[in-house]
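Take a look at the structure below.
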């Protein structure tokens with residue numbers, strides 16, 4: 001009987017040890033699960049807060065950008081409608097000044113007319129820089145065609161522009177951003193690339209606006225350009241990133257330049 005009691009006590013002891021071990025294991029597991037769940041909730045909360053802050057910053061940025069663009073439009077129209085009209089009237093009146101035999105007066109009159117003409121051209125240029133001609137009235141396709149025509153008039157570069165004239169309006173911010181992006185690329189081509197052919201394609205594919213640019217110019221070392229902090233590349237990247245888009249550059253010396261830009265339309 002004593003041996004049986006001893007065996008029973010040993011079994012009870014083992015059961016208590018096993019039970020205690022199981023309880024400790026369950027308790028440790030519970031603590032671990034709780035910590036994992038807590039960390040996960042904290043992470044989700046942090047992500048939610050960061051997303052809300054990012055959205056708020058984006059909304060604030062777009063509101064500021066829209067305000068800036070509205071002000072640019074107002075200034076451009078004031079320059080064109082008021083200052084431009086006044087200068088035009090001054091030029092008309094100056095043209096009616098009768099010729100004189102006094103050389104000094106005739107020279108001053110000629111200089112006066114030339115100064116007015118130069119000022120009118122500058123006002124038109126500044127107004128067009130603030131608000132590209134036709135962009136607001138007839139849309140992006142027409143404005144880009146006008147931009148290419150300007151490049152053709154001042155260079156020997158051939159431009160093959162493929163763009164749907166029936167593109168929907170993407171809003172002032174995206175329209176102007178696309179115009180500025182291609183303006184930057186074309187200006188760089190005229191100034192630096194020595195290209196003879198530029199190919200541009202602008203199309204809407206599902207909810208993404210895609211811009212493909214290629215020229216046969218002398219190209220450049222992309223790594224070195226980044227090290228030198230090329231303003232042209234930076235301007236293109238920043239304008240694209242502002243719209244949650246992406247810009248990819250493909251170039252090397254004597255191999256031209258290719259740029260692929262994608263801008264989401266549902267951001």
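The table below gives the values:
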quantity	calculated
Residue-span extension gain [residue 242 to residue 71] - 0.36 nm each, minus C-alpha spacing	59.7 nm
Modelled FRET efficiency - R0 22 Å, residue 187 with residue 137, Cβ distances, 0.05 increments	0.40
Distance in nm between pseudo-label sites at residue 165 and residue 218 (7 Å out along the Cβ direction from Cα)	3.8 nm
FRET efficiency, residue 227 to residue 29 (Cβ-Cβ, R0 41 Å, nearest 0.05)	0.15
Over region 85-159: Kirkwood hydrodynamic radius from C-alpha pairwise inverse distances, Å	15.1 Å
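Where a number appears in this text, it was derived from the coordinates with a stated rule and is not lab data. Note that the structure is predicted; figures quoted are calculated from it, not measured. Quick reminder, even Gly has a Cβ in these numbers, built from the backbone with ideal geometry, and neighbours come from all protein chains shown.
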